[in-house]
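Asks: Would you mind keeping the following structure in view while I ask a few things?
We did not get these values from a lab; they are worked out from the coordinates using the rules stated. Predicted model only: the values in this text are computed from it and were never measured. In this analysis, Cβ positions are derived from the backbone assuming ideal geometry, glycine residues included, and neighbour counts consider all displayed protein chains.
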Amino acid sequence: MQNGTVKWFNNTKGFGFIAPAEGGDDVFVHYTAIKADGYRTLNEGQAVQFEVERGPKGLQATNVSVLS
């Protein structure tokens, strides 16, 4: 698992990007990868923990959870 910060997230389109704490390229995140009940969204600047996999268009976050 990695830690990072939400760079931005578009609620209307259901996706955004996470900046990994270790540096490197930003990671794409889709709302379906967010582990939460109800409406799944992220806020800019929010601290998150996530796993990374290579998707068809590059790095993609999975198992995203918000750190409190």
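Asks: By how many nm would the segment from V66 to N11 lengthen if fully extended, with 0.36 nm per residue of separation less the alpha-carbon distance?
Replies: Result for the pair: 18.2 nm of gain on full extension.
Asks: Would you work out the relative contact order for the chain, in percent, from Cα pairs under 8 angstrom that are 6 or more residues apart?
Replies: That works out to 33 percent.
Asks: Now, a different point. To the nearest 20 Debye, how big is the dipole of the chain about its Cα centre, given +1 on the beta carbon of each Lys and Arg and -1 on that of each Asp and Glu?
Replies: Charge dipole, the chain, about its Cα centre: 220 debye, nearest 20.
Asks: Still on this structure: How many angstrom lie between the C-alpha centres of region 3-20 and region 31-68?
Replies: Result: 8 Å between the Cα centres.
Asks: Still on this structure, please answer the following. Bin width 5 Å, alpha-carbon pairs only: give the P(r) of the chain as whole percents, running from 0 to the bin holding the largest distance.
Replies: 4, 20, 35, 27, 12, 2, 0
Asks: Another question, then. Within 10 Å of each candidate Cβ there may be at most 14 other Cβ atoms; applying that plus a DSSP loop requirement, which GluC sites (Glu not before Pro) in the chain survive?
Replies: Hits after loop and neighbour filter: E22, E44.
Asks: Which net charge results when you count Lys and Arg as +1 and Asp and Glu as -1 among the other residues whose beta-carbon is under 12 Å from that of A19?
Replies: -3
Asks: What is the extension gain from K57 to A21, computed as 0.36 nm multiplied by their sequence separation minus the C-alpha to C-alpha distance, in nm to one decimal?
Replies: Difference between extended and current length: 10.8 nm.
Asks: Okay, moving on. Within 10 Å of each residue's Cβ, count the other Cβ atoms and sort T32, T12, T62 from fewest upward.
Replies: T12, T32, T62
Asks: Next up: Considering only DSSP states other than H, G, I, E and B, which trypsin sites (Lys or Arg not before Pro) in the chain qualify as loop sites with at most 13 other Cβ atoms within 10 Å?
Replies: Filter output for the chain: K13, K35, K57.
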